[in-house]
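S.K.: My structure is below; once you've seen it, I'll send some questions.
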Amino acid sequence: MGWTLAAKATALLGSLLLAAAGATAQGAGKLQVNLDSSDEIKNAAKLVAENLMTYYHGDEPGQTPGILPGPPPGGPYYWWQAGAMWGTIIDYWFYTGDTTYNDEALRSMVFQAEPPANSYMPRNWTASLGNDDQGFWGMAAMSAAETNFQNPPEGQPQWLALAQAVFNTQAARWDTNTCNGGLHWQIPHTNGGYNYKNTIAQVVFLNLAARLARYTKNETYAKWADTAYDWTRGVGYITDDWNVLDGGHEEYNCTDINPVQFSANKALLIHGAAIMYNYTNGSDKWKTRVEGLLNHTIEFFFPEGIMVERACELEDRVQCNVDQHSFKGYMHRSLATVAIVAPFTRDAILKVLRSSTEGAVSSCLDDGTCGFRWNTGSYDGDVDKGPAGQQMSVLAALSTLLINQQKVLEGPLTNDTGGTSKGDPNAGIDYNEITPLAPITTGDRAGAGIVTVVVLTTLLGSLVWMGMGWSEGA
């Protein structure tokens, strides 16, 4: 594989030496990048990617392929964040052409799919397996299909089929027994937070449905994207003024809405909406949604043109958890795609991506070590909450500035425009739900949802949310 142990050791040693020397923004040089030069952007992105991959050990003897160290207390990262990392790496390859990590990305994403279902529900992660977790891996597989990332060998699951397996298993879990629909945060009924129907679970599902609709031209996926949007809007998680709130508990009919706003929710929602705008040939309905979401996104998350994770990145302190340290990258990656598939957004998005990336670069040292705050003009030394997220975010910001390439401007590939990944519309349908409370019949699997009992009290659900934050443990 291109990412050798020797190269990793060299990069890690460099980082350790910097730390030992007490390197800070005052004691080490700042990363210098001319953002008008594609070559300089690629060189800087390569440094940041090398630094990111020092946190990955799945290619080492005795380690598990595909995952970052964790979950706590074994390491800071939950399973989902590795899926997000490989999605970031796929985009990095697509924008820069650097194939260094491609073989490991392929090996990891196939390994973590877990046969025979190959639907990204590995039993080793049952205790922290959410619909959003599964969805991040599914979206990474979808990105691989949309960019013609190298296909797995024959006999192994293919990118499109993997994304379809995730979609199919989630569609089967759409639960109309409470709140008139929606997906639960967690997949196993016994997991803390199962009674929380949150926005991230819905928008990951919507995002995947929209992209599958566009890729395959199958209207069934498009109808599910409509259903997911309408439910999320109808229950009040998307407000009249385009705020996107976090979720509510089923025992309150999802009316006890948590008003916090996380950028990952907005990023995946606007991405999915823009894909639907493109798929529907510029329908007024989806254009209105994209416009409203984008205007609010820029106003709320990009004060002074630089991205801020407003829910937890406060002026006097940062209280973001490990998951939230990676959110900025998802926003940059999503907006770059929005600018392509919904061209009327292009000027506004390119302007803010440029100014925000300037801020991102200012947070980095000259070895590619990057901080979390992008609006201070210097490296903040924030390493307590899992540095991989910071690296992923800056890598995404740099990579997506290379948007003006012909292959990028042509938009995500589809079956009709050169996509080569093989699909399976029935992928994942014959799966065994994780930790079921009762045997699942064929009729159950084919239904819109599985009837369960609520195993958590309202107080416990609230404490779980307050203790874990967005997607922590997911």
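The values are calculated or read from the model by the stated rules, or taken from the named source; none is laboratory data. None of the values given here were measured: they were computed from a predicted structure. Here the Cβ positions follow ideal geometry from the backbone for every residue, glycine too, while neighbour counts run over all protein chains shown. Protein only, heavy atoms only, side chains kept; ligands, DNA and RNA dropped before computing areas. Shrake-Rupley method; radii C 1.70, N 1.55, O 1.52, S 1.80 Å.
S.K.: Any residue that is in a helix (DSSP H, G or I), among the hydrophobic types (A, V, I, L, M, F, W, C), touching a residue at least 60 places away in the same chain (Cβ under 8 Å) and within 20 Å of residue 327 (Cα to Cα) - is there at least one of those in the stretch 290-299?
M.R.: Residues of the stretch 290-299 that are in a helix (DSSP H, G or I), as a first pass: 290-299.
In the following step, the residues that additionally are among the hydrophobic types (A, V, I, L, M, F, W, C) were identified as 290, 293-294, 298.
If we keep only those that are touching a residue at least 60 places away in the same chain (Cβ under 8 Å) as well, we get none.
No, the conditions are met nowhere in the stretch 290-299.
Residue by residue, here is whether (1) in contact (Cβ under 8 Å) with a residue 12 or more places away in the chain; (2) aromatic (Phe, Trp, Tyr); (3) closer than 17 Å to residue 182 by Cβ holds:
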residue	(1), (2), (3)
197	yes, no, yes
208	yes, no, yes
212	yes, no, no
215	yes, yes, no
224	yes, yes, yes
232	yes, no, yes
241	yes, no, no
245	yes, no, yes
261	yes, no, no
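S.K.: Look at residue 8 and say whether it is modelled with pLDDT under 95 and closer than 18 Å to residue 93 by Cβ. Give the steps one after another, and end with the answer.
M.R.: Working: modelled with pLDDT under 95: yes; closer than 18 Å to residue 93 by Cβ: yes.
Yes; evaluated as a whole, the condition is true for this residue.
S.K.: I would also like to ask the following. Give me a count of the residues in the stretch 255-268 that are in a helix (DSSP H, G or I), among the charged types (D, E, K, R) and touching a Gly at 6+ places or on another chain (Cβ under 9 Å).
M.R.: Initial filter on the stretch 255-268 (in a helix (DSSP H, G or I)): 263-268.
From the residues that got through so far, the ones that are among the charged types (D, E, K, R) too are 266.
Checking which are touching a Gly at 6+ places or on another chain (Cβ under 9 Å) leaves us with none.
Here the count works out to 0.
S.K.: Further question on the same structure: Looking at (1) within 22 Å of the chain's Cα centre (by Cα); (2) of a type outside the set (Val, Ile, Thr); (3) assigned to a loop (DSSP other than H, G, I, E, B); (4) within 21 Å of residue 297 (Cβ to Cβ), find the lone condition where residue 395 falls short.
M.R.: (3)
S.K.: Scan the stretch 28-46 for residues that are open to solvent by 60 Å² or more (accessible area, probe 1.4 Å) and either in contact with an Asp or Glu (Cβ under 8 Å, 6 or more places away or on another chain) or modelled with pLDDT under 95 (or both) and report the count. Write out each step before concluding.
M.R.: First, pick out the residues of the stretch 28-46 that are open to solvent by 60 Å² or more (accessible area, probe 1.4 Å): 30, 32, 34, 36, 38-40, 42-43, 46.
If we keep only those that are either in contact with an Asp or Glu (Cβ under 8 Å, 6 or more places away or on another chain) or modelled with pLDDT under 95 (or both) too, we end up with 30, 32, 34, 42, 46.
Result for the stretch 28-46: 5.
S.K.: Another question about this same structure. Scan the stretch 351-376 and report the pairs whose first residue is over 17 Å from residue 29 (Cα atoms) and touching a residue at least 60 places away in the same chain (Cβ under 8 Å) and whose second residue is open to solvent by less than 10 Å² (accessible area, probe 1.4 Å) and of a type in the set (A, V, I, L, M, F, W, C), with Cβ atoms within less than 6 Å and a gap of 6+ or a chain change.
M.R.: 357/397
S.K.: Do we find that residue 182 is assigned to a loop (DSSP other than H, G, I, E, B) and either closer than 22 Å to residue 289 by Cα or among the aliphatic types (A, V, I, L, M) (or both) in this structure?
M.R.: Numbers: assigned to a loop (DSSP other than H, G, I, E, B): yes; either closer than 22 Å to residue 289 by Cα or among the aliphatic types (A, V, I, L, M) (or both): yes.
Criteria met by residue 182.
S.K.: Hey, among the residues in the stretch 169-180 that are crowded, with 21+ Cβ neighbours inside 10 Å and among the polar types (S, T, N, Q), which one's farthest from residue 252 (Cα to Cα)?
M.R.: 169
S.K.: Let me ask another. Within the stretch 226-254, take every residue that is in a loop (DSSP other than H, G, I, E, B) and more than 21 Å from residue 192 (Cβ to Cβ) and give me the one that is most open to solvent (accessible area, probe 1.4 Å). Please lay out each step first, then the result.
M.R.: If we filter the stretch 226-254 for residues that are in a loop (DSSP other than H, G, I, E, B), which is where we start, we get 235-237, 239-243, 245-246, 253-254.
This time we only want the ones that are more than 21 Å from residue 192 (Cβ to Cβ), so: 235-236, 239-243.
On the way: 235: 31, 236: 23, 239: 31, 240: 123, 241: 91, 242: 60, 243: 31 Å².
Going through the qualifying residues, I end up with 240.
S.K.: For the stretch 300-311, give me each residue that is outside any helix (DSSP H, G or I) and either over 15 Å from residue 330 (Cβ atoms) or open to solvent by 70 Å² or more (accessible area, probe 1.4 Å) (or both).
M.R.: Taking the stretch 300-311 as the starting set, the residues that turn out to be outside any helix (DSSP H, G or I) are 302, 306-311.
Within the stretch 300-311, 306, 310 qualify.
S.K.: Within the stretch 336-387, how many residues turn out to be under 20 Å from residue 322 (Cα atoms), open to solvent by 10 Å² or more (accessible area, probe 1.4 Å) and in a helix (DSSP H, G or I)?
M.R.: Adding up the residues that qualify gives 1.
S.K.: In the list 315, 251, 309, 219, which residue meets the criterion of being touching a residue at least 24 places away in the same chain (Cβ under 8 Å) and more than 18 Å from the chain's Cα centre (by Cα)?
M.R.: On inspection, the qualifying residue turns out to be 251.
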